[in-house]
Amino acid sequence: MYSMSDLDKVNEELLPLKALADRELKSIYGLSGQIYTPHIDAHNEVCLKKAKILLYLKKHGVIPFTEVETTSAKLMALHNRAKNHKVVEFNGNSYECYFSPLKLSKSGKTVRKWAKYWLKKSADGKNDPNWERQIREIWPENFLIKLTDIQ
């Protein structure tokens, strides 16, 4: 279904969209309400497409699963009831559990579904930026808030 050339095409498509989305996000910083954000939306769609291609290639053995994916899966299994900001030690490194809103109610006031992920801590106690970048690349759907369709 997918090949490495598909991944290369998506990466080429993603670069200009990321720049436009970042610029658009900066221009609306501080505003609230329903805002039309075509560049951010386009960037998010391509990120989801890339994640889908990556998952397919990994499941079919074309590229290996990353350390981030394997460690995250192990942490999820070992600490499935971890609370937000819980720090655990695993294989000599510290990891902190985070939750972010995934689905909101129609009014936007209640979180209906949460995304759970683990961030690796560096020696100085801050989040490892490379680890966080990979988390956002592998599971972009965890960082896109959606309204639920309650009717």
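Values in this text are rule-based calculations from the coordinates and carry no lab data. The structure displayed is predicted, hence computed values, not measured ones. Cβ: placed from backbone, ideal geometry, glycine included. Neighbour counts: every protein chain shown.
Ordered by the count of other Cβ atoms within 10 Å of each Cβ, fewest first, Trp139, Trp118, Trp131 give Trp139, Trp131, Trp118. Ordered by the number of other Cβ atoms lying within 10 Å of each residue's own Cβ, fewest first, Tyr56, Tyr95 fall into the sequence Tyr56, Tyr95. Geometric descriptor of region 65-151, per residue, is 111 Å³ (volume of the convex hull of the Cα atoms). Sorted fewest first by neighbouring Cβ atoms within 10 angstrom, Cys47, Cys97 come out as Cys97, Cys47.
Counting only whole DSSP H helices of the chain, the ones at least 30 Å long by C-alpha along their axis and with mean Kyte-Doolittle hydropathy no lower than -0.5 are 4-27, 38-59. Helical content of the chain, expressed as a calculated mean residue ellipticity at 222 nm, amounts to -15000 deg cm²/dmol (DSSP H runs of 4 or more residues, -39,500 (n - 2.57) each, divided by residue number, nearest 500).
Taking θ as phi - 60° and the Karplus parameters 6.51, -1.76 and 1.60, the scalar couplings of region 104-116 work out to 10, 5, 4, 6, x, 9, 10, 7, 8, 8, 10, 9, 10 Hz in sequence order, x denoting glycine and proline.
If a/c stays under 1.5 just call it rounded; otherwise compare a/b with b/c (prolate if a/b is bigger, oblate if not). Do that for the chain, with a ≥ b ≥ c from the square roots of the Cα gyration tensor eigenvalues. In terms of gyration-tensor shape, oblate.
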